[in-house]
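Asker: So that we are looking at the same thing, I have put the structure below in structure tokens.
The values are calculated or read from the model by the stated rules, or taken from the named source; none is laboratory data. Just so it is clear, the model here is predicted, and its values are computed rather than measured. Note that we place each Cβ from the backbone using ideal geometry, even for glycine, and neighbour counts take in every protein chain shown.
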Amino acid sequence: MGIDWQPLWLTLQLAGITTILLLLIGLPLALWLTRTTSYFKPVAEAIISLPIVLPPSVLGFYLLLAFSPGSALGRFLNNVWGLQLVFSFPGLVVGSIIYSLPFMVQPLQAGLAALPHSLREASYTLGHSKMQTLLRVLLPNMKPALLTGLVLSFAHTIGEFGLVLMIGGNIPGETRVVSIAIYHEVESLNFAAAHIYSSILLLLAFGILLLVYLVNKRLAKTF
Amino acid sequence: MIEVYVRKLLLMAEGKTNLEVDIKLPEKSFCTLYGQSGAGKTTILKIIAGLVQPDEGYIAVNGQVWLDTRKKINLPPQKREIGFVFQDYALFPNMTVRENLQYALNKKSDNQLLNNLLERASLEHLAHRKPPTLSGGQQQRVALLRALVRQPQILLLDEPLSALDLEMRQTLQTEIYQLHQSFQTTTLLVSHQLSEIYRLSDFIISLEKGKIIAQGTPAEVFGLDRLSSKIKLIGEVLRIQENGVVFILDILIGNNIIKTVATPDEIKNLAPGDQVQVFAKAFNPMVKKI
């Protein structure tokens, strides 16, 4: 029987792009959060953690309003960059970044906070810049946190549903990711296809998590 | 000549302290900052290194100005030529001993120089080990070498021997002394260990609550009070035993237990665990008609 592989491919693409962009956004954020003594820090932490407690549909609803061509932001994005974020793949990426932000920032922040200050200071006194210190001293000594952040963001993006449905809808090849495809197949009473998608997701999720725990156990031993 | 003037309001556990010191270190000297914890010793080192910013300050090293808050000069730690040995050594756990030194050298890799250095510090057999697998003394040695390989203008040592046992500490004191002799780097040590200070320093600055209370050679600073011809020791009472009309006290002084006799009057209010002063009023001169 024929099964459409496109939703799976689309899901992996979405999760991959989201994770890479999240690392680039999450690392500076985590660095700032570990260093700052600003009064604004708790506010920033609360905003970043919102997606953990908020129903994805709430987030999706507001993003839908914000991105729609009728709103100021939507119009701005469309006029300046020609970006159409509603019912489109780029929209899903932006939504997923916001949705998975805490899953990247929190492990990185914990990993950075666990490193002794003296490591960073020693690197500075040895003449190395902040960037060199980050790449050669800080990141290599927080590999478990880095791995946790990457994998959790990837897995969490694969598992999102409500937000994708709200801002992406169900456009084949554009926004129909696996979780949406499952919903779609069940609605059309096509249980066999839903089974296949679901079991693949289940195995994928289990496999990823198992890998994280195995690798982290090995990393913990080498230090 | 190294000139340091700093002023900074410190928030300590016991409240606010105003750190204000003016220090001049002759070139190639070995100087010690001495004082109880909370006196601001480590903060001074970190200000010299550029890791902590003072409210007001002036630092000039051999004619080069590193910090002048009035003229808004403030070199970052990277531009200050310093060697810093941290209390926890701060060796990079992801790098081997050799890589730690290489990172400090900052060049591609001058293998010849590295080998020489490792050999001189008798560390070549450990070159491929990662720091967490080394003993405390070995880590200390690597940290010291890593701070010195860049031939800094000033070497800053933050209680480098405090985590080691007595024997190791003595070995490393000798080593620090020899390294200072051969590298001739102006050195500022933070310590509250008298034996260390006596063996190593030319000059002592004694700090209390952010202020300098005394400075000079070890004999000058400690001479008046501590080098008296009378015996005066601080110890801890371990046991009080009744023995007929007197009491026998076991007192721990340094690593030795001393037994002494006390009268019932003397042991009043005394319990095991108390800190006591043990002194002898002996050595009175004898006078005889001739």
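Asker: Which one of B:Leu188, B:Leu157, B:Leu148, B:Leu161 is more than 29 Å from A:Ala220 (Cβ to Cβ), under 13 Å from the mean Cα position of the chain (by Cα), crowded, with 18+ Cβ neighbours inside 10 Å and at pLDDT below 90?
Answerer: B:Leu161
Asker: A further question on this structure: Given the residues B:Gln87, B:Gln102, which is the only one that is in a helix (DSSP H, G or I), within 30 Å of B:Thr43 (Cα to Cα) and within 12 Å of chain A (Cβ to nearest Cβ)? Show your work before the answer.
Answerer: Working: B:Gln87 fails: in a helix (DSSP H, G or I).
Every option except B:Gln102 fails the conditions.
Asker: Just wondering, is there one or more residues in segment B:205-213 that are within 13 Å of the chain's Cα centre (by Cα), in contact (Cβ under 8 Å) with a residue 40 or more places away in the chain, crowded, with 18+ Cβ neighbours inside 10 Å and under 18 Å from B:Ser29 (Cα atoms)? Give the steps one after another, and end with the answer.
Answerer: Going through segment B:205-213, the residues within 13 Å of the chain's Cα centre (by Cα) turn out to be B:205-207.
Then drop every residue that is not in contact (Cβ under 8 Å) with a residue 40 or more places away in the chain, which leaves B:205-207.
The next check asks that each one be crowded, with 18+ Cβ neighbours inside 10 Å; those that pass are B:205-207.
The next check asks that each one be under 18 Å from B:Ser29 (Cα atoms); those that pass are B:205-206.
Yes, the conditions are met somewhere in segment B:205-213.
Asker: Among A:Leu211, A:Leu219, A:Leu201, which is in contact (Cβ under 8 Å) with a residue 12 or more places away in the chain and within 14 Å of chain B (Cβ to nearest Cβ)?
Answerer: Going through A:Leu211, A:Leu219, A:Leu201 in turn, the sole match is A:Leu219.
Asker: Right, something else. When you go through (1) of a type in the set (S, T, N, Q); (2) farther than 18 Å from A:Pro28 by Cα; (3) more than 14 Å from chain B (Cβ to nearest Cβ); (4) buried (at least 17 other Cβ atoms within 10 Å of the Cβ) one by one for A:Ser57, which number turns out not to apply?
Answerer: All conditions are met except number (4).
Asker: Next up: Can you name the residue in segment B:181-217 that is in contact with a Pro (Cβ under 7 Å, 6 or more places away or on another chain) and outside any helix (DSSP H, G or I) and, of all such residues, is nearest to B:Met168 (Cα to Cα)? Walk me through it before giving the result.
Answerer: In the first step, residues of segment B:181-217 are kept if they are in contact with a Pro (Cβ under 7 Å, 6 or more places away or on another chain); the result is B:185, B:197-198, B:201, B:204.
Now drop any that are not outside any helix (DSSP H, G or I), which leaves B:185, B:201, B:204.
Details: B:Thr185: 23, B:Ser201: 19, B:Ile204: 23 Å.
The residue in question is B:Ser201.
Asker: Counting only residues that are under 13 Å from B:Ile205 (Cα atoms) and among the polar types (S, T, N, Q), which one in segment B:30-41 is surrounded by the most Cβ atoms within 10 Å (Cβ to Cβ)? Walk me through how you get there before you give the answer.
Answerer: Of the residues in segment B:30-41, the ones under 13 Å from B:Ile205 (Cα atoms) are B:30-36, B:39-41.
Narrowing the set further to residues that are among the polar types (S, T, N, Q) leaves B:32, B:36.
Working: B:Thr32: 26, B:Gln36: 10.
Across segment B:30-41, the extreme among qualifying residues is B:Thr32.
Asker: Shifting gears a bit: Quick test of your reading of the structure: B:Pro218 fulfils all but one of (1) surrounded by fewer than 14 Cβ atoms within 10 Å (Cβ to Cβ); (2) in contact with a Phe, Trp or Tyr (Cβ under 6 Å, 6 or more places away or on another chain). Name the failing condition by number.
Answerer: Failed condition: (1).
Asker: Can you tell me which condition B:Ser122 does not meet? The list is (1) assigned to a helix (DSSP H, G or I); (2) more than 9 Å from chain A (Cβ to nearest Cβ), and all the others hold.
Answerer: (1)
Asker: Here's another thing I want to ask about it. Only one of these conditions is not met by A:Glu45: (1) among the acidic types (Asp, Glu); (2) within 18 Å of A:Ser153 (Cβ to Cβ); (3) not in a helix (DSSP H, G or I). Which number is it?
Answerer: Only one criterion is unmet by A:Glu45, namely (3).
Asker: Under the condition of being closer than 13 Å to B:Asp158 by Cα and of a type outside the set (A, V, I, L, M), which residue from segment B:35-53 is nearest to the other protein chains (Cβ to nearest Cβ)?
Answerer: Taking segment B:35-53 and keeping what is closer than 13 Å to B:Asp158 by Cα, we get B:35, B:37, B:40-49.
Going one step further and asking which of them are of a type outside the set (A, V, I, L, M), we end up with B:35, B:37, B:40-43, B:46.
On the way: B:Gly35: 21, B:Ser37: 17, B:Gly40: 17, B:Lys41: 16, B:Thr42: 11, B:Thr43: 13, B:Lys46: 8 Å.
Ranking the candidates gives B:Lys46 first.
Asker: Next question. Is there a residue in segment A:112-124 that is under 16 Å from the mean Cα position of the chain (by Cα), in contact (Cβ under 8 Å) with a residue 12 or more places away in the chain and closer than 29 Å to A:Leu31 by Cβ? Walk me through how you get there before you give the answer.
Answerer: Step one: filter segment A:112-124 for residues under 16 Å from the mean Cα position of the chain (by Cα), giving none.
No, segment A:112-124 contains no residue that is under 16 Å from the mean Cα position of the chain (by Cα), in contact (Cβ under 8 Å) with a residue 12 or more places away in the chain and closer than 29 Å to A:Leu31 by Cβ.
Asker: From the residues in segment B:191-236 that are acidic (Asp, Glu) and more than 18 Å from B:Gln173 (Cα to Cα), which one is modelled with the highest pLDDT?
Answerer: Among residues in segment B:191-236 that are acidic (Asp, Glu) and more than 18 Å from B:Gln173 (Cα to Cα), the one modelled with the highest pLDDT is B:Glu208.
Asker: Is it the case that A:Gly111 is buried (at least 17 other Cβ atoms within 10 Å of the Cβ), at pLDDT 90 or above, within 14 Å of another protein chain (Cβ to nearest Cβ) and outside any helix (DSSP H, G or I)? Spell out how you get there, then give the answer.
Answerer: Values: buried (at least 17 other Cβ atoms within 10 Å of the Cβ): yes; at pLDDT 90 or above: yes; within 14 Å of another protein chain (Cβ to nearest Cβ): yes; outside any helix (DSSP H, G or I): no.
So A:Gly111 does not fit the description; no.
Asker: Additional query: For segment A:64-73, state whether one or more residues are within 20 Å of A:Val105 (Cβ to Cβ), surrounded by 14 or more Cβ atoms within 10 Å (Cβ to Cβ) and at pLDDT 90 or above.
Answerer: As a first pass, look at segment A:64-73 and keep what is within 20 Å of A:Val105 (Cβ to Cβ): none.
No.
Asker: With the requirement that a residue be assigned to a helix (DSSP H, G or I), out of contact with any Ser or Thr (no Cβ under 8 Å at 6 or more places or on another chain) and either among the aromatic types (Phe, Trp, Tyr) or within 22 Å of B:Gln184 (Cα to Cα) (or both), what does segment B:45-84 give you?
Answerer: Taking segment B:45-84 first, the residues assigned to a helix (DSSP H, G or I) are B:45-49, B:77-79.
After this cut, where a residue has to be out of contact with any Ser or Thr (no Cβ under 8 Å at 6 or more places or on another chain) as well, the list is B:45-48, B:79.
Those that are assigned to a helix (DSSP H, G or I), out of contact with any Ser or Thr (no Cβ under 8 Å at 6 or more places or on another chain) and either among the aromatic types (Phe, Trp, Tyr) or within 22 Å of B:Gln184 (Cα to Cα) (or both): B:Leu45, B:Lys46, B:Ile48, B:Lys79.
Asker: Just checking, how many residues over segment B:242-290 are surrounded by 11 or more Cβ atoms within 10 Å (Cβ to Cβ), over 30 Å from B:Asp165 (Cβ atoms) and among the polar types (S, T, N, Q)?
Answerer: Number satisfying all stated conditions: 0.
Asker: Condition first: more than 22 Å from the chain's Cα centre (by Cα) and touching a residue at least 12 places away in the same chain (Cβ under 8 Å). Can you find one or more residues in segment A:98-111 that meet it?
Answerer: There is no residue in segment A:98-111 that is more than 22 Å from the chain's Cα centre (by Cα) and touching a residue at least 12 places away in the same chain (Cβ under 8 Å).
Asker: Just for segment A:32-54: of the residues that are β-branched (Val, Ile, Thr) and more than 17 Å from the chain's Cα centre (by Cα), which one is surrounded by the most Cβ atoms within 10 Å (Cβ to Cβ)?
Answerer: First, pick out the residues of segment A:32-54 that are β-branched (Val, Ile, Thr): A:34, A:36-37, A:43, A:47-48, A:52-53.
Now drop any that are not more than 17 Å from the chain's Cα centre (by Cα), which leaves A:34, A:36-37, A:43.
Numbers: A:Thr34: 16, A:Thr36: 11, A:Thr37: 5, A:Val43: 10.
It comes out as A:Thr34.
Asker: Would you mind listing the helices (runs of 4 or more DSSP H) fully within segment A:114-198 where at least 3 residues are under 30 Å from A:Gly60 (Cα atoms) and within 14 Å of chain B (Cβ to nearest Cβ)?
Answerer: Details: elements: A:117-125, A:130-133, A:143-158, A:162-168, A:178-187.
It comes to none.
Asker: Sort out which residues of segment B:1-23 are outside any loop (DSSP other than H, G, I, E, B) and exposed (fewer than 14 other Cβ atoms within 10 Å of the Cβ), and write them in order of number. Please lay out each step first, then the result.
Answerer: At the first step, the residues of segment B:1-23 found to be outside any loop (DSSP other than H, G, I, E, B) are B:2-12, B:15-23.
Selection gives B:Leu9, B:Leu11, B:Gly15, B:Lys16, B:Asn18, B:Asp22.
Asker: Given the options B:Leu114, B:Leu75, name the one that is more than 14 Å from every other protein chain (Cβ to nearest Cβ) and more than 25 Å from the chain's Cα centre (by Cα).
Answerer: Working: B:Leu75 fails: more than 14 Å from every other protein chain (Cβ to nearest Cβ).
After applying the criteria, what remains is B:Leu114.
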